[in-house]
Amino acid sequence: MLRYIILVSVFLSCNQFCSAQIWTRTNGPTTGNVNAFASGQNGFLYAAFGPLYAGNKSNFSRSTNNGATWSYTQQTFSNYAYDLIVKNNIIYVATDGGIIKSTDNGITFSGFAFSQTNYSIFSNPATNNFFTGNNTQGIYKSSNAGVSWYKVLDSTGFIRNITGDDSSYIFASGSSQIYRSSDAGENWDSVLNSNSFVNCIKYVTGGVIYAGTDSGLYRSQNYGSNWTLLTTPFRKVSSVSLDNNSGLMIGSNDGIWFSDNSGLSWNVFTSIIRDLRDILVTPGIILAGTTHGIFRSTNAGVEWLSSGIRNASINDIDTRSHGRIYAISPISNNTHALWRTTNEGNFWENVYTANRLIVKVASFDSNVYLGTPTGILRSSNNGSNFQEVFNTGIQCYKILTDSAGSVFAAFGNGLFRSTNSGINWTNVANINHIVYDMYIVNQSLMYVCGFGKIYRSTDGGKSMTLLLNQGQDFVNIAATSNGYVIVDGPGVYRSSNFGQNFTSLGYPQSVVIDHFIFDKRNNFYFMLGDDMYKSTDYGTTSELFNSGLPGNITSIGLSSTDRLFLGIDGGSVYKTVSPVTDIAASNIIPKQYSLRQNFPNPFNPVTKINFDLASNTGNVKLVIYDITGRNVSILVNEMLSAGSYEVEFDGKELPSGVYFYKLTAGNFLGVKRMVLVK
């Protein structure tokens, strides 16, 4: 690490450390099966995570800010965690290694009772007796806070759930059976055989109890003596909960449903969140535990954000499609997941799981391309399913798409191009050696490097010109439309004349910088060691640009909103807090709101948009739409103070045509028309 400190001081002029937060972690991708929630004192919330895949340990996590963020406390306390409760500020967790407890808000756990598998744990609020169901097919009871236990029921199946009221009624589910005790758990009888697996039971009040099964939702209104299978728009019920007004919330495979009339009629609460395992309702907050993390709503389910543990290792990230960002991460040694966000990382969706290694991702419109150790997979429906379209048997190092939809793939045996959405591929310019990196500047100009060679194309990749061949591997390359090219490996070199000549930037050959990218103002970003840097003079000098980053960067991309996105090894996806394209602002506060006509108009390809904010109105959004109403760029989406602003829009990636820009700020809404002519 000392080597990097010396290099920074000599070569990068990096004594200007940023004090403001630059980067923030996005809400995803999330991983882990959320088996159960519990709430404690002082706003603490707890979640038991099952292992993500076979062979892993379970996790226990907690939140100290009402579920906004979560952190692991003790990650491998058992093989699998099934259920948890909080009693007298002590956390009890039922696991397949016994019942364990924590007396320090989940920081540490100790063994407590039973060495066999325990699927459920419950404490009667009236008597303080404890109950657990385990793999001996029965229910055990403790009347001394778990010090000693005795069996009170032999069941026909494992007891998965136990619930009860504040008197003497207790209910339990085992396989397809519902059991009831009316004497505080001493004696039990079977009150329902559903002929379908019972996933959850919930006692409400006044003798009303619900049982969620694989075939639907059952209800009893007389303490379980009689049951009715309700007519519902869903079948498999995985969780039952109550909202703050005693409305009924049901978690199913196809979303969350709500009923305010005891299950007689239903409305879909959200269909976005699927594969529900548990729902926790606290004042002002709803948490949904799923097979892929925790989701949280603070406005009665109108909007949901992923707030789960974000520990996915990101192999690659693609930001080139307008409005969509893709990321890939491993979930086991031979299984990789494709994630997608359509709202700047506030919500990530696992859209595809591949039972093979995935190393790179690229997209254009609805087409998504995945690079594997042997070829290319393609999806034509935004990543829902894939087919192999190209197989070379050689490692893929990078995939890119240009603004016309052409796809370029760099392999260990050459550079390949497809002009028909990946159906057919051709070798580019007989480049048949290893290609590590490529950089598409616009539809015409691109650069390629690998095997000691640097190439340039000025016709969209149809042909290539060899610029440099000096016998050392170049592994990273980035370029601008005004002629600057920066390459690395080993040593860092720069050209200011479209690659005709290269000169060293002064780095020793032992220094490797990577993850190159230019923003729309030609600011240059790169990684050195564990740090991210920014240069405003094409790499001559640089300054630290990593406030808020954990390091271990794996990939980088610039979104249509001019935010940088980073993939992190073991830390998910980060983005810049604000767009990296500066917004010029004046200190004069205008008297009224206004959105002005862009200038120049028509334009090619850059124009400027000015607007006035008369007061501090909260979040301000400036969006570009094409003639069909499709969102093609978000220029501003952040909190702005009162003042006059100027934003630059670069349409070099868009075709000629009519576009509209819309400004929303508080109650103000303005729309204007502009024309791009190339």
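I'm told VAL204 meets every condition in (1) among the aliphatic types (A, V, I, L, M); (2) farther than 28 Å from ALA81 by Cα; (3) modelled with pLDDT under 90; (4) more than 29 Å from the chain's Cα centre (by Cα) except one. Can you identify the failing condition by its number?
Against the list (1) among the aliphatic types (A, V, I, L, M); (2) farther than 28 Å from ALA81 by Cα; (3) modelled with pLDDT under 90; (4) more than 29 Å from the chain's Cα centre (by Cα), VAL204 comes up short only on (2).
If you go through the range 238-254, how many residues are under 27 Å from the mean Cα position of the chain (by Cα) and at pLDDT 85 or above?
Within the range 238-254, residues that are under 27 Å from the mean Cα position of the chain (by Cα) and at pLDDT 85 or above number 8.
Return yes when PHE545 is of a type in the set (Phe, Trp, Tyr), in contact (Cβ under 8 Å) with a residue 24 or more places away in the chain, more than 26 Å from SER444 (Cβ to Cβ) and crowded, with 20+ Cβ neighbours inside 10 Å and no when it is not.
When the stated conditions are applied, PHE545 passes them.
Could you list, in sequence order, the residues of the range 543-558 that are out of contact with any His (no Cβ under 6 Å at 6 or more places or on another chain), of a type in the set (A, V, I, L, M) and part of a strand (DSSP E or B)? Show your work before the answer.
At the first step, the residues of the range 543-558 found to be out of contact with any His (no Cβ under 6 Å at 6 or more places or on another chain) are 543-552, 554-555, 557-558.
Filter again for of a type in the set (A, V, I, L, M), leaving 544, 549, 558.
The answer is LEU544, LEU558.
Residues that are touching a residue at least 60 places away in the same chain (Cβ under 8 Å) and of a type in the set (Phe, Trp, Tyr): does the range 445-467 have at least one?
Filtering the range 445-467 for residues touching a residue at least 60 places away in the same chain (Cβ under 8 Å) gives none.
Within the range 445-467, not a single residue is touching a residue at least 60 places away in the same chain (Cβ under 8 Å) and of a type in the set (Phe, Trp, Tyr).
For the range 258-293, name all the residues that are within 17 Å of TYR210 (Cβ to Cβ) and outside any strand (DSSP E or B).
Scanning the range 258-293 gives ASP260, ASN261, SER262, GLY263, LEU264, SER265, TRP266.
If a residue must be within 27 Å of SER457 (Cβ to Cβ) and over 27 Å from the mean Cα position of the chain (by Cα), how many such residues does the range 524-539 contain?
4
Could you check the range 412-440 and list, in sequence order, the residues that are closer than 16 Å to ILE477 by Cβ, crowded, with 21+ Cβ neighbours inside 10 Å and not charged (D, E, K, R)?
Answer for the range 412-440, where residues must be closer than 16 Å to ILE477 by Cβ, crowded, with 21+ Cβ neighbours inside 10 Å and not charged (D, E, K, R): LEU415, VAL428, ILE431, VAL435, MET438, TYR439, ILE440.
Please tell me if VAL302 is at negative phi and either modelled with pLDDT under 80 or surrounded by fewer than 20 Cβ atoms within 10 Å (Cβ to Cβ) (or both). So that I can check it myself, show each step before the final result.
Values: at negative phi: yes; either modelled with pLDDT under 80 or surrounded by fewer than 20 Cβ atoms within 10 Å (Cβ to Cβ) (or both): yes.
When the stated conditions are applied, VAL302 passes them.
Test THR232 against the criterion of being surrounded by fewer than 23 Cβ atoms within 10 Å (Cβ to Cβ), among the β-branched types (Val, Ile, Thr) and closer than 16 Å to TRP257 by Cα, and give yes or no.
Considered against the rule, which asks whether it is surrounded by fewer than 23 Cβ atoms within 10 Å (Cβ to Cβ), among the β-branched types (Val, Ile, Thr) and closer than 16 Å to TRP257 by Cα, THR232 comes out as yes.
Let's see how each residue does on (1) touching a Leu at 6+ places or on another chain (Cβ under 7 Å); (2) in a strand (DSSP E or B):
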{"site": "SER578", "(1), (2)": "no, no"}
{"site": "SER644", "(1), (2)": "no, yes"}
{"site": "GLU648", "(1), (2)": "no, yes"}
{"site": "LYS672", "(1), (2)": "yes, yes"}
{"site": "LYS678", "(1), (2)": "no, no"}
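Farther than 22 Å from ASP473 by Cβ, of a type outside the set (Phe, Trp, Tyr), out of contact with any Lys or Arg (no Cβ under 6 Å at 6 or more places or on another chain) and free of Cβ contacts under 8 Å to residues at least 24 places away in the same chain, is that true of ASP537?
yes
Out of LEU415, LEU377, LEU370, I need the residue that is modelled with pLDDT of 95 or more, touching an Asp or Glu at 6+ places or on another chain (Cβ under 6 Å) and either in a loop (DSSP other than H, G, I, E, B) or outside the structural domain of PRO655 (by TED's automatic domain parsing) (or both). Which one?
Numbers: LEU415 fails: touching an Asp or Glu at 6+ places or on another chain (Cβ under 6 Å); LEU370 fails: touching an Asp or Glu at 6+ places or on another chain (Cβ under 6 Å).
Matching residue, one of LEU415, LEU377, LEU370: LEU377.
So which residues in the range 614-642 are assigned to a strand (DSSP E or B) and free of Cβ contacts under 8 Å to residues at least 60 places away in the same chain, if there are any at all?
ASN619, VAL620, LYS621, LEU622, VAL623, ILE624, TYR625, ASP626, VAL636, MET639, listed by residue number.
Can you pull out every residue in the range 317-360 that is surrounded by 17 or more Cβ atoms within 10 Å (Cβ to Cβ), within 13 Å of the chain's Cα centre (by Cα) and among the polar types (S, T, N, Q)?
Hits for the range 317-360 are SER329, THR341, ASN350.
If I ask for residues that are over 13 Å from PHE498 (Cα atoms) and under 36 Å from the mean Cα position of the chain (by Cα), which ones from the range 445-473 would you list?
Listed by number, the residues that qualify are CYS449, GLY450, PHE451, GLY460, GLY461, ASP473.
Which residue is farthest from ASN315 (Cα to Cα), if the candidates are limited to the range 470-528 and must be outside any loop (DSSP other than H, G, I, E, B) and among the β-branched types (Val, Ile, Thr)?
Selected residue: THR503.
Please find, among LEU192, LEU153, the residue that is of a type in the set (A, V, I, L, M, F, W, C), within 13 Å of ALA211 (Cα to Cα) and either in a loop (DSSP other than H, G, I, E, B) or touching a Phe, Trp or Tyr at 6+ places or on another chain (Cβ under 6 Å) (or both).
Details: LEU153 fails: within 13 Å of ALA211 (Cα to Cα).
Result: LEU192 is the single residue among LEU192, LEU153 that is of a type in the set (A, V, I, L, M, F, W, C), within 13 Å of ALA211 (Cα to Cα) and either in a loop (DSSP other than H, G, I, E, B) or touching a Phe, Trp or Tyr at 6+ places or on another chain (Cβ under 6 Å) (or both).
The values are calculated or read from the model by the stated rules, or taken from the named source; none is laboratory data. Values in this document were obtained by computation on a predicted structure and should not be read as measured data. Counting neighbours? That spans all protein chains shown, and the Cβs are built from the backbone with ideal geometry, glycine included.
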